[in-house]
Amino acid sequence: MNSQATLSFCAAHDSDTDILGCLLSAQLTPGNLVLLEGELGAGKSALARSIIRSALKCPELEIPSPTFLLVLPYQNQHISFLHADLYRLETPEEIEELGLFEDPAAIILVEWPQRAPNLFPLADLVIKIEILPENKGRQFTLSNFNNTTMYDRLTDTPGFLTIT
Ligand SMILES: Nc1ncnc2c1ncn2[C@@H]1O[C@H](COP(=O)(O)OP(=O)(O)OP(=O)(O)O)[C@@H](O)[C@H]1O
Ligand SMILES: [Mg+2]
């Protein structure tokens, strides 16, 4: 694996986004920072919801968009998540007030990370989501792998993610 390695996945329907979330949830480990990029309505919250529900084994768990509260926590006795949306962040420095890194075991999922560019060097995974034309769903591009194991396991799932 090199640091430029990327993996892609085309999700034709919401249910495919859920499958990707399920696959990713199995590879995330405590302390991971995952950045979710994409325009309004791309599917950042949808993917975060799938990841958290799958990891907590709680398929009906209510997971609203954190757009107004900026950060919402989720946890069970084994694993904890922070789901953040930085859309309303006014300056990158405000990130300090969110306490994102106070729990070293929390897996942190961040929407609109472009609002705090200093997060990118810290990321374990960056996921870019593009809306495909003609209702063809969403294109997910995974990059900035900070962990060979995560990359290797994701590429070991036959026929799922494409190495790009
Ligand atoms: N693979 C897919 N194909 C088509 N639609 C999808 C797919 N995955 C998710 N969606 C839909 O795309 C929308 C994504 O909304 P979501 O709130 O997750 O976007 P977002 O990127 O978080 O936007 P915001 O920037 O406003 O937070 C939802 O309506 C969801 O049902
Ligand atoms: Mg969102």
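Quick check: from the Cα gyration tensor, does the chain come out rounded (a/c under 1.5), prolate or oblate? Here the chain falls in the rounded category.
Of all DSSP-defined beta bridges confined to the chain, some 60% are antiparallel rather than parallel. Can you work out the PRE-style zone for residue 40? Point 7 Å along Cα to Cβ, and I want the residues of segment 74-117 with backbone N under 13 Å. What the label zone holds, given the 13 Å backbone N cut-off, is 87-88. Bridging of residue 128 to aspartates and glutamates at a Cα separation below 14 Å is possible for 37, 39, 111, once same-chain residues fewer than 8 apart are set aside. Rounded to whole numbers, the Karplus 3J(HN,Hα) couplings from phi for segment 150-163 are 4, 4, 5, 5, 5, 7, 7, 7, x, x, 9, 8, 9, 6 Hz, using 6.51 cos²θ - 1.76 cosθ + 1.60 with θ = phi - 60°, and x at Gly and Pro.
Set the Förster distance to 22 Å, then compute FRET efficiency between residue 15 and residue 157 from the Cβ-Cβ distance, nearest 0.05. Let's see the in-between values first.
Values: r = 17 Å, r/R0 = 0.76.
The formula returns an efficiency of 0.85 here.
Using C-alpha pairs under 8 Å with a sequence gap of at least 6, the mean separation divided by the residue count of segment 1-149 gives a relative contact order of 35 percent.
Per residue of the chain, what 222 nm ellipticity follows from adding -39500 (n - 2.57) for every DSSP H run with n ≥ 4, rounded to the nearest 500? Using -39500 (n - 2.57) per qualifying helix, the result is -6000 deg cm²/dmol. Projecting the Cα atoms of 79, 63, 160 onto the dipole axis of the chain, where Lys and Arg carry +1 and Asp and Glu carry -1 at the beta carbon, places 160 farthest toward the positive end.
For residue 136, the aspartates and glutamates whose Cα falls under 13 Å of its own Cα, not counting residues fewer than eight places away in the same chain, are 14, 16. In a reduced charge model with +1 at each Lys and Arg Cβ and -1 at each Asp and Glu Cβ, segment 6-123 shows a dipole moment near 360 debye about its Cα centre.
FYI, it's all coordinate maths here, none of it is from the lab. In this text the structure is predicted, and so the values were computed from the model without any measurement. Cβ atoms come from the backbone with ideal geometry, glycine included; neighbour counts cover every protein chain shown.
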